[in-house]
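The values are calculated or read from the model by the stated rules, or taken from the named source; none is laboratory data. Because the structure is predicted, anything quoted here is derived from the model rather than measured. All Cβ positions, glycine included, derive from the backbone under ideal geometry; neighbour counts span all protein chains shown. Side chains are part of the model used for accessible areas, which takes the heavy atoms of the whole protein and leaves out ligands, DNA and RNA. Shrake-Rupley method; radii C 1.70, N 1.55, O 1.52, S 1.80 Å.
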Amino acid sequence: MGSLTSPSSTTPSPRIALGIDPGTAIVGYAVVEARGSELNMVVCDVITTSPDTPMPERLQHIYHRLNEIISMYRPNEAAMEELFFAKNARTALTVGQARGVAMLALANGGLAVSEYTPRQVKQAVTGYGGANKEQVGEMVRILLHLTSIPRPDDAADAAAVAICHLHTASFLTHTQIF
């Protein structure tokens, strides 16, 4: 009798997600790799722009840096936190501009963009949609096997967005009815 080989015994291709926490002064970004249920941080950092620089140049800098990140790390999935501002319309408009530039960079990089509310990100990472920044950061540290919470908060938030996407997209894939 011949030996049986299970097709599930092969190592799955990694999913590489780029998470973005948009802003104009600071854009958090994180690339997280998932192999099955195992998550690993590839890179986590921020793109900064000076408030003294004209807005078109700040947006251009964000766009070019995101293109470099996409080129360097070759993510195959992307996710961004949805805009949520209730008080300051001016801030909402400028962050909206940064989100648009980020979406353009992702689209030009061939990536579809999934969007998640802050509450969805917190729920996926901590199990509680009302979690505070410290709780989110600590769960990012634990889930990605890091020795410390990524800093600044924008970088940790971007990692949380990537984790949320990897968990949510994986769950949706496994629960679809064919």
Check: Tell me, what % of the accessible area of the stretch 26-174 is carbon and sulfur with a 1.4 angstrom probe?
Finding: 53 percent
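Would you calculate a helix-derived [θ] at 222 nm for the chain, using -39,500 (n - 2.57) for each DSSP H run of n ≥ 4 and dividing by the full residue count, to the nearest 500?
It lands at -15500 deg cm²/dmol.
If the only charges are +1 at each Lys and Arg Cβ and -1 at each Asp and Glu Cβ, what is the size of the charge dipole of the stretch 114-174 around the Cα centre, to the nearest 20 debye?
100 debye
Kyte-Doolittle cut-off 0.0, length cut-off 24 Å along the helix's own axis using Cα: show which whole DSSP H helices in the chain pass.
Once both thresholds are applied, what remains is 89-108, 153-175.
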Margin query: Rolling a 1.4 Å sphere over the protein heavy atoms, what is the accessible area per residue of the chain, to the nearest Å²?
Written below: 57 Å²
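Please state the relative contact order of the stretch 39-178 as a whole percent: Cα pairs under 8 Å, 6+ residues apart?
Relative CO of the stretch 39-178 lands at 27 percent.
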Margin query: Ordering V32, V42, V113 by accessible area with a probe of 1.4 Å, largest first, what comes out?
Written below: V42, V113, V32
Item checked: Structure-derived Cα extents along the principal axes in Å - corresponding label in (1) 74, 37, 34; (2) 72, 33, 30; (3) 62, 42, 30 -> (1)
Check: So for the chain, taking the charge dipole from beta-carbon charges (+1 Lys/Arg, -1 Asp/Glu), which of Y128, G36, V161 sits furthest toward the positive end?
Finding: Y128
Check: At a Förster radius of 35 Å, what calculated FRET efficiency corresponds to the Cβ-Cβ distance of T94 and L146, to the nearest 0.05?
Finding: 0.70
Notebook entry, point to check: Charges only on Cβ, +1 for Lys and Arg, -1 for Asp and Glu: so what's the dipole of the chain about the Cα centre, in debye to the nearest 20?
Noted result: 180 debye
Notebook entry, point to check: Exactly which chymotrypsin sites (Phe, Trp or Tyr not before Pro) in the stretch 51-117 are in a DSSP loop and have at most 12 other Cβ atoms within 10 Å?
Noted result: F84, F85
